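Reviewing the structure listed below.
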Ligand code: DQA
């Protein structure tokens, strides 16, 4: 079972970016943790990050065509990118699981973060648990896959 962990803008700056909000762990730490969780859960996981909207849309299209589930932290795109929402809708629309994740809990922050344009086309959303948000999302994907397999 393939899963793409897709991270949007500024998430390549983890560790140096507002550590009081996002923590001190780095993208390399996320990659290492994801590898460990993947082997525990029996998933084939790849972590990617981009600051570019078109690149992120292309990865979502690739997930549809390659039948990969998606764990998506859209970062700031969460709040305004209808193009990304439409690409995410194709993932869930084709029967794949897409979990929206956030490190912080946007609902507790500035009001512009309270709207997610992706939430309505995601399978579900996990927010507020730091790196553990990604772990919980992978667990959700793994349990849906095993349920579907009966
Ligand atoms: C974020 C929350 C977004 O509001 C913000 O723009 C980010 C990160 C999070 O993981 O908490 O870049 O998606």
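Here, each number is a calculation from the coordinates, and none is a lab measurement. The structure presented is a predicted model; accordingly, all values stated were derived computationally and were not measured. As a convention, Cβ positions derive from the backbone with ideal geometry for all residues, glycine included, and neighbour counts pool all protein chains shown.
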At a 10 angstrom cut-off on C-beta neighbours, averaged per residue, how do the peptides 15-27, 124-136, 66-78 rank from highest to lowest?
66-78, 124-136, 15-27
Is it possible to state the helix-based mean residue ellipticity at 222 nm for the chain, with each DSSP H run of 4+ residues giving -39500 (n - 2.57), the sum divided by total residues, to the nearest 500 deg cm²/dmol? What is it?
-13000 deg cm²/dmol
Please give the direction-averaged projected area of the C-alpha convex hull for the stretch 40-99, in square nanometres with one decimal.
4.2
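Report the gain in length on full extension from residue 76 to residue 13: 0.36 nm times residue separation, minus Cα-Cα distance, nm rounded to one decimal. Present the calculation step by step, with values, prior to reporting the outcome.
On the way: separation 63, 0.36 × 63 = 22.68 nm, distance 1.34 nm.
So the extension gain works out to 21.3 nm.
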From the Cα centre of the stretch 105-150 to that of the stretch 3-74, the distance in Å is 13
Which shape class applies to the stretch 5-85: rounded if a/c is under 1.5, otherwise prolate when a/b exceeds b/c and oblate if not, where a ≥ b ≥ c are the square roots of the Cα gyration tensor eigenvalues?
oblate
P(r) of the stretch 64-150 over all Cα-Cα pairs, 5 Å bins starting at 0, rounded to whole percent, reads 3, 16, 25, 24, 18, 9, 4, 1, 0
Run the numbers on the chain and let me know its relative contact order in percent, using alpha-carbon pairs under 8 Å that are six or more apart.
25
Going out from 0 in 5 Å bins, what whole percent of all Cα-Cα distances in the chain drops into each bin?
2, 10, 21, 25, 22, 14, 5, 1, 0
